[in-house]
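The structure under discussion appears below in the form of structure tokens.
What follows is calculated from the coordinates using simple rules that are stated; it is not laboratory data. Just so it is clear, the structure is predicted and the values come from calculations on it, not from any experiment. So basically every Cβ, Gly included, is an ideal-geometry build from the backbone, and we count neighbours across all protein chains shown.
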Amino acid sequence: MEDQAAGSAQDARSVPGCYRHPDRETGVRCTRCDRPICPECMVSASVGFQCPDCVRAGGPGTGHGPRASRPRTVSGGTVTADPRLFTKILIGINIAVFIAIHADPALVEHLVLIGEWPPRPFTPTLGVAEGEWYRFVTSMFAHQEYWHIGFNMLSLWWIGGPLEAALGRARYLTVYFVSGLAGGALTYLLASPNSASLGASGAIFGLFGATAVLMRRLNYDMRPVIALLVINLIFTFGYGNIAWQAHIGGLVAGVVTGYAMVHAPRDKRTLVQYGTSALVLLAALALVVVRTAQLT
């Protein structure tokens, strides 16, 4: 009924710190010296952004002043003063729902992802097959066990924070929700219609997949992320009571949307990024429609 995602903080920090402000994570690098630079240090150039040292050195390639245009992430997103804001909001929502569930345990019955209930030959009265599609979203924020929400929120902070800084807020949220919904759709298709699942792991596995793509794009050492993937897959398939479908569905969706986010051509960036995300959602919708037809 529960799914999880866990990793180490050291392995998951895929985005470096600014060379002048090491405590500030950033996915943007100077186009001349390739050093990581935070929003405060970015200077808009004709192509990309440069660090203050390269601008002072002068020479070809120096662009406009630092306030001429807003800095962009590697995927084209806007760099913000708080690169982890939406990660904090997501964690806050998960914790709020967790507290609400413990205050009223009956609430979880209305939040979990379940195909139909009660099981046949009784007449089902609730579940996705009965029209309660909202469960794909509510189940992404629902947890019952302390260890479950603990693992998931730590993973979200370690993986999501750096990825939000690298992609920008809108693209980060797109990867998060598309992955979570895709994981839910695969669970709905393959799991027993009477089994309930909940947790943010599908979305977190999607962030994990997108992080792997980003690390490859930035030519970072892939061994930590591969090791983290192996560990998580061992947990996924080595223990019972885990919705492996959500993990795999979220991971695949995260890889696909993440690839579109960091490899889209600059002149068609928005179209490719959000178009790919829409196609993944359509594929997830097709799975839901097929499963609903089977159950009804």
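For Leu295 and Ala57, a Förster radius of 51 Å and the Cβ-Cβ distance give a FRET efficiency of 0.20, rounded to the nearest 0.05.
The ranking of Ser179, Ser192 from fewest to most other beta carbons within 10 Å of each one's beta carbon is Ser192, Ser179. Computed from Cα positions, the angle between helix 201-217 and the longest principal axis of the chain comes to roughly 30 degrees.
Can you bin the chain into rounded, prolate or oblate? Criterion: square roots of the alpha carbon gyration tensor eigenvalues sorted a ≥ b ≥ c, rounded for a/c under 1.5, prolate for a/b above b/c, oblate for the rest.
prolate
Going from the residue with the fewest nearby Cβ atoms within 10 Å to the one with the most, Ile149, Ile91 rank Ile91, Ile149. Working from label points 7 Å from Cα in the Cα-to-Cβ sense, the Phe122 to Ile93 distance is 3.1 nm.
Looking at the range 152-255, which chymotrypsin sites (Phe, Trp or Tyr not before Pro) are in a loop (DSSP not H, G, I, E or B) and have at most 16 other Cβ atoms within 10 Å?
Those that pass, being in a loop and sparsely packed, are Tyr220, Tyr239.
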